[in-house]
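Q: One structure, pasted below without further comment.
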Amino acid sequence: MDSEDQSAYINPSYIDPTYERPPAYTPNGQHKVYTIEMRDGDTLQTQMSIEGEQIMAAQSPRITVTFHNVSKVINVPAKMIDPSSKERFIQRTLLDKLSGQILPRQIVALMGPSGCGKTTLLNTLAGRALSGVTGNVWYNNQLYDRAMKRKLAYVLQQDLFFENLTVKQQLTYTALLRLPNHLSRKDKLAQVEIIIDQLRIRKCANTPIMLISGGEKKRVNIGTELLTNPSVIFLDEPTSGLDSTSAVSLMDVLRELAMQGKTIITSIHQPSSQIFQSFDQLILLADGKGIFMGRPSNALAYFSTMNYNCPSQYNPADYVMDLVNQDMKIREELKEAYLQHRIISGQIPSQLSESSRYLMAEPSGKESDLTNPDNVNLIPDGREGKWPIGFLPQMLILYSRSFRLTGKAQFTALNLIQSIALAVISGLCWLRMEFREDTIPDRSSFIFFLMTFWPLHTLMMGLLSFPFERGVIEKERASGAFRLSAYFVAKSLAEAPLKLVLPTIFLIISYWMARINNNFGIFLAILVFQLLSILVAESLGLLLGAALKNLHHAITAATVLLITLMLVGGFFVRNLPHWLGVWGKWFSFFKYAYNACLQLQFKGGQVYQCVDGSYVISCRNNPNGTFISNEALQYFDYGINIGLNFLVLFGMFVCFRFCAYLALRFVNTSSGRT
Ligand SMILES: Nc1ncnc2c1ncn2[C@@H]1O[C@H](COP(=O)(O)OP(=O)(O)OP(=O)(O)O)[C@@H](O)[C@H]1O
């Protein structure tokens with residue numbers, strides 16, 4: 001390769017003489033009509049409008065990614081590296097002065113041993129986890145800015161989704177959330193169809209994600225990120241876990257995307273020789289440093305100049321990986337050799353060494369042309385808001401998704417059987433209680449059971465809610481899809497009514513079987529208290545799940561808290577130490593619901609039969625007489641009145657919800673990885 005060839009890697013017009021604006025958004029220029037089945041059974045004919053095509057094409061200018069002297073240094077707790085160390089932190093260099101340039105239409109592979117810094121480099125180029133990063137990353141001629149986020153797509157290694165959704169639902173919700181406001185709903189739906197075709201996932205489009213294959217899942221993952229028609233696509237080990245056929249077919253998809261003018265950067269572990277040769281550029285790393293940067297087909301020739309010869313019939317990718325995985329001495333030799341042989345753009349020596357000829361030139365950072373002919377301002381003007389769509393539309397879409405997901409999780413045959421079976425069993429236990437003095441303790445126990453069973457159950461469910469959803473939400477938020485507040489409000493509004501249906505069915509059955517109070521108004525009031533206590537408990541569960549990083553810690557904290565609240569609520573011990581009883585009263589939400597329902601149960605002037613006067617004073621001298629139900633309350637310490645109990649419970653509900661939101665926003669649950 002002569003020096004002119006070398007510079008070809010810097011100026012795109014050299015490498016691609018046919019370089020021109022990307023074609024109209026549908027590659028063949030034809031408007032394919034899609035038929036979309038709506039939920040009510042109707043169908044909708046849709047195709048991308050001309051205006052929609054223009055908007056989508058404008059989303060995706062060609063971008064050259066140039067990085068120069070990029071380093072990343074982090075402080076790690078010294079004990080993590082050397083347990084005997086006396087220092088608090090030790091500096092660790094994850095990336096060491098890496099430079100390179102990646103052009104539109106190229107697929108570039110980052111390879112190297114595990115822990116060499118591939119993901120770190122990928123993150124840095126994508127503008128993620130930038131603390132401790134020095135050096136420059138340009139997109140065309142503009143330094144990276146957060147506002148460019150929408151032009152970049154990042155496909156995580158893990159395929160994180162709500163797996164109950166079908167492939168199409170997943171893509172549709174993402175399109176509605178992430179495509180800009182000025183694109184019509186019809187165009188957004190057409191874009192989903194285009195991506196389904198492009199990623200070749202039509203045959204599993206209506207299958208729940210949990211049932212599709214690993215290769216299909218990976219394509220859905222990529223498709224989700226492609227909906228916005230980004231210019232640069234970062235992929236973290238997209239082929240890991242795929243068989244070779246799925247991996248090759250995934251590479252075909254990436255090649256098609258590259259042909260459309262996208263810039264593709266992927267880390268990869270152990271590609272087959274076919275995949276290895278298909279990359280346009282290979283960046284080989286070891287311990288955060290460059291070892292080789294050039295065409296994959298030149299890698300073996302480069303290493304053979306150092307007398308490392310690949311045996312014939314050996315997969316070149318395997319050989320290269322074996323080489324960099326060799327002992328420290330060889331790695332150091334390779335790092336040193338790269339430093340000596342690399343060519344800096346604009347400083348190409350007239351006499352290139354044999355080895356240098358196989359390397360691509362690194363940018364010097366001073367190129368006048370970091371741009372390409374598709375140069376546009378990548379930082380949107382003020383008119384383009386921070387979010388693709390406003391708060392209300394975000395909330396409505398997230399509400400619909402939450403409602404669908406919760407509905408599916410909540411209304412299973414098993415849950416219905418559980419609720420009805422427990423309602424009937426508890427109804428049988430308290431069956432048709434007589435309105436007699438000696439049923440007073442049983443009636444109180446029924447209320448206690450009612451006010452503890454569902455809240456406990458819901459609290460535990462609430463506890464699991466964020467830990468399971470958090471990964472997906474963080475992924476979606478990292479791509480700037482929606483506000484956390486929109487998600488939180490939507491989730492609260494969508495889930496609460498659904499979570500209250502089963503307890504309502506439960507109460508209807510058990511309450512009337514037990515014959516608590518014949519007054520329907522009182523039944524409704526008890527129902528309100530039961531549902532409110534469930535919402536308070538769920539909020540507390542959400543708070544613990546959001547605040548504690550570790551699910552085991554959250555479950556332990558919840559168990560200790562619940563038992564404590566029950567004990568200090570005075571349900572089991574009548575003579576609590578005064579100080580414990582005083583604060584217990586304030587914190588035990590069970591107590592408020594219980595106290596209110598107890599008062600309600602004996603309200604309404606129901607006539608009760610005396611038995612032996614053990615509970616009601618007026619029965620003491622008149623065992624065969626009657627008394628009015630309200631008198632039974634003398635036996636209990638029922639605290640504040642019903643209205644105040646309601647207010648306190650409602651206040652707790654609002655307070656726990658708000659704290660759960662704050663915890664979700666401010667408690668960092670990521671592992672701290674770069
Ligand atoms: N927050 C952190 N604290 C300590 N070490 C970290 C942190 N983040 C990353 N590292 C270390 O940085 C190095 C590079 O990590 P990175 O994930 O980039 O490697 P990788 O090449 O992608 O590895 P793999 O191929 O196994 O995914 C690893 O040794 C990792 O342990």
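Q: Can you give me the number of residues within segment 563-593 that are among the small types (Gly, Ala, Ser) and either loosely packed, with under 12 Cβ neighbours inside 10 Å or under 36 Å from the mean Cα position of the chain (by Cα) (or both)?
A: In the first step, residues of segment 563-593 are kept if they are among the small types (Gly, Ala, Ser); the result is 569-570, 581, 584, 588, 593.
Remaining after also requiring either loosely packed, with under 12 Cβ neighbours inside 10 Å or under 36 Å from the mean Cα position of the chain (by Cα) (or both): 588, 593.
Qualifying residue count for the region: 2.
Q: Hey, residue 220 hits all of (1) under 21 Å from the mean Cα position of the chain (by Cα); (2) surrounded by fewer than 21 Cβ atoms within 10 Å (Cβ to Cβ) but one; which does it fall short on?
A: Failed condition: (2).
Q: Looking at segment 257-285 only, could you name the residues that are more than 16 Å from the ligand (Cβ to nearest atom), out of contact with any helix residue (DSSP H, G or I) (no Cβ under 7 Å at 6 or more places or on another chain) and closer than 16 Å to residue 222 by Cβ?
A: Those that are more than 16 Å from the ligand (Cβ to nearest atom), out of contact with any helix residue (DSSP H, G or I) (no Cβ under 7 Å at 6 or more places or on another chain) and closer than 16 Å to residue 222 by Cβ: 257, 258, 259, 260, 262, 263.
Q: Does residue 136 satisfy the criteria of being in contact with a His (Cβ under 8 Å, 6 or more places away or on another chain) and among the polar types (S, T, N, Q)?
A: Numbers: in contact with a His (Cβ under 8 Å, 6 or more places away or on another chain): yes; among the polar types (S, T, N, Q): yes.
Judged against the criteria, residue 136 is a match.
Q: Tell me, which residue of segment 132-164 that is touching a residue at least 60 places away in the same chain (Cβ under 8 Å) and acidic (Asp, Glu) is surrounded by the most Cβ atoms within 10 Å (Cβ to Cβ)?
A: Taking segment 132-164 as the starting set, the residues that turn out to be touching a residue at least 60 places away in the same chain (Cβ under 8 Å) are 132-142, 145, 147-162, 164.
Then keep just the ones that are acidic (Asp, Glu); that gives 145, 159.
Numbers: 145: 12, 159: 21.
So the residue we want is 159.
Q: Which count do you get for residues in segment 61-75 that are surrounded by 20 or more Cβ atoms within 10 Å (Cβ to Cβ) and either within 16 Å of the ligand (Cβ to nearest atom) or among the polar types (S, T, N, Q) (or both)? Show your work before the answer.
A: First, pick out the residues of segment 61-75 that are surrounded by 20 or more Cβ atoms within 10 Å (Cβ to Cβ): 61-68, 70, 72.
Narrowing further to those that are either within 16 Å of the ligand (Cβ to nearest atom) or among the polar types (S, T, N, Q) (or both): 64, 66-67, 70, 72.
Qualifying residue count for the region: 5.
Q: Being surrounded by fewer than 19 Cβ atoms within 10 Å (Cβ to Cβ) and among the charged types (D, E, K, R) is the filter; apply it to segment 321-334 and report the residue that is nearest to residue 359 (Cα to Cα).
A: 333
Q: May I ask you to verify whether residue 342 is modelled with pLDDT under 80 and among the charged types (D, E, K, R)?
A: So residue 342 does not fit the description; no.
Q: Just need a number here: residues in segment 611-631 that are more than 11 Å from residue 440 (Cβ to Cβ) and out of contact with any Lys or Arg (no Cβ under 7 Å at 6 or more places or on another chain). Let's see the steps before the verdict.
A: Just the residues of segment 611-631 that are more than 11 Å from residue 440 (Cβ to Cβ), to begin with: 612-613, 617-618, 620-626, 628, 630.
From what is left, the residues that are out of contact with any Lys or Arg (no Cβ under 7 Å at 6 or more places or on another chain) are 612, 617-618, 620-626, 628.
Of the residues in segment 611-631, 11 are more than 11 Å from residue 440 (Cβ to Cβ) and out of contact with any Lys or Arg (no Cβ under 7 Å at 6 or more places or on another chain).
Q: List pairs: first residue in segment 272-301 and modelled with pLDDT under 90, second residue among the β-branched types (Val, Ile, Thr) and surrounded by 23 or more Cβ atoms within 10 Å (Cβ to Cβ) anywhere in the structure, Cβ distance under 6 angstrom, at least six positions apart or on different chains.
A: none
Q: Determine which single condition residue 170 fails, assuming it passes every other condition in (1) under 18 Å from the mean Cα position of the chain (by Cα); (2) within 12 Å of the ligand (Cβ to nearest atom); (3) of a type in the set (S, T, N, Q).
A: Tallying (1) under 18 Å from the mean Cα position of the chain (by Cα); (2) within 12 Å of the ligand (Cβ to nearest atom); (3) of a type in the set (S, T, N, Q), residue 170 fails exactly one: (2).
Q: Name the single residue that is farthest from residue 259 (Cα to Cα) among those in segment 58-82 being in a loop (DSSP other than H, G, I, E, B) and charged (D, E, K, R). Talk me through it step by step, then tell me what you get.
A: Initially, segment 58-82 is screened for residues in a loop (DSSP other than H, G, I, E, B), giving 59-64, 82.
With charged (D, E, K, R) added as a condition, the list becomes 62, 82.
Numbers: 62: 11, 82: 49 Å.
Of everything passing the filter in segment 58-82, 82 is farthest from residue 259 (Cα to Cα).
Q: Could you pull out every one of the strands (runs of 3 or more DSSP E) wholly within segment 89-199 that has 3 or more residues that are closer than 23 Å to residue 223 by Cβ and modelled with pLDDT of 90 or more? Spell out how you get there, then give the answer.
A: Details: elements: 89-102, 107-111, 133-139, 152-155.
Because the criterion is at least 3 residues that are closer than 23 Å to residue 223 by Cβ and modelled with pLDDT of 90 or more, the strands (runs of 3 or more DSSP E) in segment 89-199 that meet it are 107-111, 152-155.
Q: Residue 561 is checked against (1) of a type outside the set (D, E, K, R); (2) in contact with a helix residue (DSSP H, G or I) (Cβ under 8 Å, 6 or more places away or on another chain); (3) more than 26 Å from residue 496 (Cβ to Cβ) and fails just one. What number does that condition carry?
A: Condition (3) is where residue 561 drops out.
Q: Inside segment 264-286, can you point out the residues that are buried (at least 23 other Cβ atoms within 10 Å of the Cβ) and over 27 Å from residue 335 (Cβ atoms)?
A: Result: no residue meets the conditions.
Q: Could you list, in sequence order, the residues of segment 132-164 that are more than 16 Å from the ligand (Cβ to nearest atom), within 24 Å of residue 390 (Cα to Cα) and not basic (Lys, Arg)?
A: 145, 147, 148, 152, 153, 161, 162
Q: Could you look through segment 76-131, keep only residues that are within 8 Å of the ligand (Cβ to nearest atom), in contact (Cβ under 8 Å) with a residue 60 or more places away in the chain and β-branched (Val, Ile, Thr), and pick out the one that is surrounded by the most Cβ atoms within 10 Å (Cβ to Cβ)?
A: If we take residues in segment 76-131 being within 8 Å of the ligand (Cβ to nearest atom), in contact (Cβ under 8 Å) with a residue 60 or more places away in the chain and β-branched (Val, Ile, Thr), then 120 is surrounded by the most Cβ atoms within 10 Å (Cβ to Cβ).
Quick grid of which residues meet (1) under 18 Å from residue 541 (Cα atoms); (2) part of a helix (DSSP H, G or I):
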| position | (1), (2) |
| --- | --- |
| 472 | no, yes |
| 476 | no, yes |
| 481 | no, no |
| 486 | no, yes |
| 489 | yes, yes |
| 497 | yes, yes |
| 505 | no, yes |
| 511 | no, yes |
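Q: Condition (residue is within 16 Å of the ligand (Cβ to nearest atom) and either of a type outside the set (Ser, Thr, Tyr) or in contact with a His (Cβ under 8 Å, 6 or more places away or on another chain) (or both)) applied to segment 638-656: is it met by at least one residue? Reasoning before the result, please.
A: Initial filter on segment 638-656 (within 16 Å of the ligand (Cβ to nearest atom)): none.
Among the residues of segment 638-656, not one is within 16 Å of the ligand (Cβ to nearest atom) and either of a type outside the set (Ser, Thr, Tyr) or in contact with a His (Cβ under 8 Å, 6 or more places away or on another chain) (or both), which makes the answer no.
The values are calculated or read from the model by the stated rules, or taken from the named source; none is laboratory data. Note that the structure is a prediction, hence the values are computed from the model and not measured. In this analysis, Cβ positions are derived from the backbone assuming ideal geometry, glycine residues included, and neighbour counts consider all displayed protein chains.
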